[in-house]
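Participant: Please find one structure pasted underneath; my questions will follow.
The values are calculated or read from the model by the stated rules, or taken from the named source; none is laboratory data. All values derive from a computational prediction rather than experimental measurement. As a convention, Cβ positions derive from the backbone with ideal geometry for all residues, glycine included, and neighbour counts pool all protein chains shown. The area values use the complete protein model at the heavy-atom level, side chains included, leaving out ligands, DNA and RNA. Shrake-Rupley method; radii C 1.70, N 1.55, O 1.52, S 1.80 Å.
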Amino acid sequence: MHTTRIGCGAGFSGDRIEPAGDLLRRGALADLVLECLGERTVAQAQQRRLADPALGYERRLPARFTRLLPLAFSHGVRVITNMGAANPLAAGRVTASIMSTLGLSGRVAVVTGDDVLSEVDLDAPAWETGRPLREHGEIVSANAYLGADAVLPALVADVVITGRVADPSLFVAPLADRLGWDLDDVPSIAAGTLVGHLLECAGQLTGGYFADPGYQDVPDLHALGFPYADVSFDGTAALGKLPGTGGLLNRQTVREQLLYEITDPAAYLTPDVTLDVRGVRITDDTRISGARGTSRPETLKVSVGYRAGSKVEAEISYAGPNAAARGALAAEIVTRRLTGVPVRAEVLGGETDCRVRVAAISHDAALLDRVGDEVESLYTNGPAGGGGFRAHVTEVIGIASTTIPREAVRPSVTFLEVPGATA
Amino acid sequence: MLLHELAHCRAGDKGNTATLSVFPRDDADYARLARVVTAERVRAHLAEYIAGEVVRHELPNLPALHFVCHQIVDGGVTTSLALDTHGKSLSSRLLALEIR
């Protein structure tokens, strides 16, 4: 039966690069997906785009592509990534420029249309709070989770860059393309979505989120390998990682990933299908079957970003006998000095080594400074032996969710050609 | 004994909802876990972290008990004041549940 091999070379924006290089070098892949965009990372990308309109793509894109694209081109592996984040077109231009510099010629495709800020209804209630979106604060972004249908027309390129796309859809599109699945073929798309869901977090499938010494030992975790799947036309899949890599791929790690972030095992909503994982079977540790599905939802999920102020986090340590009691006293002192300020003050750690942490979010910069100052002044205005004060302030983009009708979202693909060197 | 002796657990997060999947190390312990690790006990054990409802899904084919926990305290990864903004450590906290 016709099969294709797809790998996952990144499961979040901070993921390691080496395992993806190994997959490209030795994995005999048809496609490699780099999934680097979480709810949190799209908010951070939005902040960078607001500060500089030429930015807003995944900040590790240049480092990742400079290392990986030469390998992808020399081994003929197509690369699909959501590193476009809040600015896919800028990411496409940067990628084309990196290819030029590296002497790689080929085609880059950029999928746009996830930015629905001008289409989304800001009077609609947020899922999380039930309050109208616009009441959360100044709205700065709204990104729809595009599906495989938006990515499919881009797959004639060597490198495909998207912004917000549902994570499994990054896999479903190339699987449908390689295996000749119709996106309306619910059983096949359910199977492909399951494969994408299992692979999308990379090392979380292969033991990079599992070790518990003495209880769950993972061999050679320092040399963790990332996963791939051999997917058949009938939708069954065999998961794997490369020989000689560290990590663990077995029934335990697979079932952990299977249920990861699934809020309804009977109905996991994606733009491509509504997935039912209740009948999934894991045989021989790595063979997957039994995904079922029903038709895709008529609306798409939208993540709306709003300015939520800034967050201060300030910390100071206490050690030795009675440290926890001194930490608790420090937390009480700061809380009393900051009466009326909504802070979270807590003592982390054990009886003889603890860290007091005070955090607050506000639109008032002076107030955030005051929180940091009150923790710093504990040095000589608090319990004995405080040390290691640190404070930092970061801007916060909050995320609220809503939906948008499919017909209001119009994805499109832009191609950038990188010509070969002319003699 | 602690749940940790019999089970492993994975946390996930979607907005201010957390998922906690509990798996017996030995399939033979599934029935026992299903009896003692109820939604009510999970809710009570993690009361400091979960403000809303806890729904339990039973998945005997894996086997797994899957808990969907609503309204994480200061929930939402971007605006949370917690050190672990995702609630990733909830999985290990749940394994501290005392069982008989």
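Participant: So if we plug the beta-carbon distance of A:HIS363 and A:ALA63 into 1/(1 + (r/R0)^6) with R0 = 22 Å, what FRET efficiency do we get, rounded to 0.05?
Facilitator: 0.05
Participant: On to the next question. Which lysines have a Cα lying under 17 Å from the Cα of B:LYS14, excluding residues fewer than 8 positions away in the same chain?
Facilitator: Within reach: A:LYS301, B:LYS88.
Participant: So what does B:SER91 come to for accessible area, using a 1.4 Å probe and Å² rounded to 10?
Facilitator: 10
Participant: Could you tell me which helices of chain A pass both thresholds, a Cα extent of 20 Å or more along their own axis and a mean Kyte-Doolittle hydropathy of at least 0.5, with helices taken as whole DSSP H runs?
Facilitator: A:88-102
Participant: Now for a different question. Simple spin-label model, 7 Å along Cα-to-Cβ: B:ARG35 to A:ASP264 in nm?
Facilitator: 3.3
Participant: Can you pull the accessible area of A:GLU138 for me, 1.4 Å probe, Å² to the nearest 10?
Facilitator: Surface open to solvent at A:GLU138 totals about 110 Å².
Participant: Divide by every residue of chain A the summed helix terms, -39500 (n - 2.57) for each DSSP H run of at least 4, and state the resulting mean residue ellipticity at 222 nm, rounded to the nearest 500 deg cm²/dmol.
Facilitator: Rounded to the nearest 500, it is -8500 deg cm²/dmol.
Participant: Once the whole set of protein chains is in place, how much accessible area is left on A:PHE210, using a 1.4 Å probe, in Å² to the nearest 10?
Facilitator: A:PHE210 exposes around 10 Å² with every protein chain in place.
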